[in-house]
Amino acid sequence: MAKGRAVAFRGTARDISLGGVFFLARHVLPIGAELVVSITLPGQDEELVLPGVVRWQRPDGMGVEFEPLGEHETRALTAFVASVTRAPRGRPSSADA
């Protein structure tokens with residue numbers, strides 16, 4: 001959702017890392033828009049709430065850079081990225097957001 005107003009959208013997270021994420025989405029926010037990403041990573045029950053800024057866009061989605069993350073969020077993302085890196089080829093590396 002965009003900070004300061006109730007604009008929500010669903011997208012598919014791709015290429016997620018500690019630095020940010022690319023969202024495949026029908027609707028994109030403008031470059032520079034601040035937002036809060038609410039995401040549940042595969043294999044986890046707890047939703048992560050990650051502040052970010054739209055840094056780039058293309059017709060099928062947008063790139064979001066995360067703002068500084070807390071310890072819990074950093075650990076969860078690090079564990080997820082490590083598990084995807086170790087996953088056999090062909091396994092999808094995405095999460096629903």
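Nothing in this text is a laboratory measurement; each read-out follows from the coordinates by a stated rule. Because the structure is a prediction, the values reported are computed rather than measured. Reconstructed Cβ throughout: ideal geometry from the backbone, glycine too, with neighbour counts over all protein chains shown.
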**Request:** Apply the Karplus parameterisation 6.51 cos²θ - 1.76 cosθ + 1.60, with θ equal to phi minus 60°, to every residue of the range 62-67 and state each ³J(HN,Hα) to the nearest whole Hz, in sequence, with x for glycine and proline.
**Result:** 8, x, 10, 8, 6, 6
**Request:** For residue 16, list long-range residues whose amide hydrogen, built 1.01 Å from N in the peptide plane, is under 5 Å from its own amide hydrogen.
**Result:** 22
**Request:** Go from 0 up to the bin containing the longest alpha carbon distance in the range 18-86, width 5 Å each, and give me the % of pairs per bin.
**Result:** 3, 17, 26, 23, 18, 11, 2
**Request:** Starting from the amide H of residue 48, placed 1.01 Å from N in the peptide plane, find each other amide H under 5 Å away whose residue is 5 or more places distant or on another chain.
**Result:** 39, 40, 41
**Request:** May I ask you to derive the FRET efficiency for residue 38 and residue 58 from their Cβ-Cβ distance with R0 = 22 Å, giving the value to the nearest 0.05?
**Result:** 0.45
**Prompt:** Extension gain residue 24-residue 9, at 0.36 nm per residue separation less the Cα-Cα distance, in nm?
**Reply:** 4.3 nm
